[in-house]
Amino acid sequence: MAAKATNDFIGTGRRKTSIARVRLMTGSGKITVNGRAFDNYFPLETLRATVSQPLVLTGTAEKIDASINVTGGGPNGQAGAVRHGIARALLKFDANLRPQLKAEGLLTRDPRMKERKKYGQPGARKRFQYSKR
């Protein structure tokens, strides 16, 4: 998708069962997630660091505002999805950032998902206890 007349840059990020829709605008570095403040939505410092990694890496943290909608999964999956979405949106903002983002692995979608439970077993991998008699 090309940049719109309002200078919005959109990126979609996914991780596990979480999906994040990210909209970047030129601004002062304000981030809102699902209508809430960034610090309020991600209370742990590790999650905040994960989310802001692409912005800090490219030096655009103080120049860009982000409006994010994220659904599904838990806090870690959502943080990973937001990070992926921000990286993809930054690529539309400036294509010259690609080598930096690629080197850190921020453009790669993490394919790891929860393995399904199989019938005849109590879990995905675990087996019922074997007894000879």
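Residues in the range 53-73 that are of a type outside the set (A, V, I, L, M, F, W, C) and without any contact (Cβ under 8 Å) to a residue 24 or more places away in the chain: 1 in all. Filtered by the rule that a residue be closer than 10 Å to S67 by Cα, more than 12 Å from the chain's Cα centre (by Cα) and in a strand (DSSP E or B), the range 13-35 gives R23, L24, M25, I31, T32. Restricting attention to the range 12-42, and to residues there that are in contact with a strand residue (DSSP E or B) (Cβ under 6 Å, 6 or more places away or on another chain) and of a type in the set (F, W, Y), which single residue is nearest to G73 (Cα to Cα)? Among those that are in contact with a strand residue (DSSP E or B) (Cβ under 6 Å, 6 or more places away or on another chain) and of a type in the set (F, W, Y), it is Y41.
Look at (1) modelled with pLDDT under 95; (2) polar (S, T, N, Q); (3) loosely packed, with under 15 Cβ neighbours inside 10 Å and you find that T71 fails only one, number (1). For the residues T46, T60, the requirement of being farther than 28 Å from R116 by Cα, hydroxyl-bearing (S, T, Y) and modelled with pLDDT under 95 singles out T60.
The values are calculated or read from the model by the stated rules, or taken from the named source; none is laboratory data. These numbers were taken from a predicted model, which means no experiment stands behind them. Here Cβ is always computed from backbone atoms with ideal geometry, including for glycine, and neighbour counts include all displayed protein chains.
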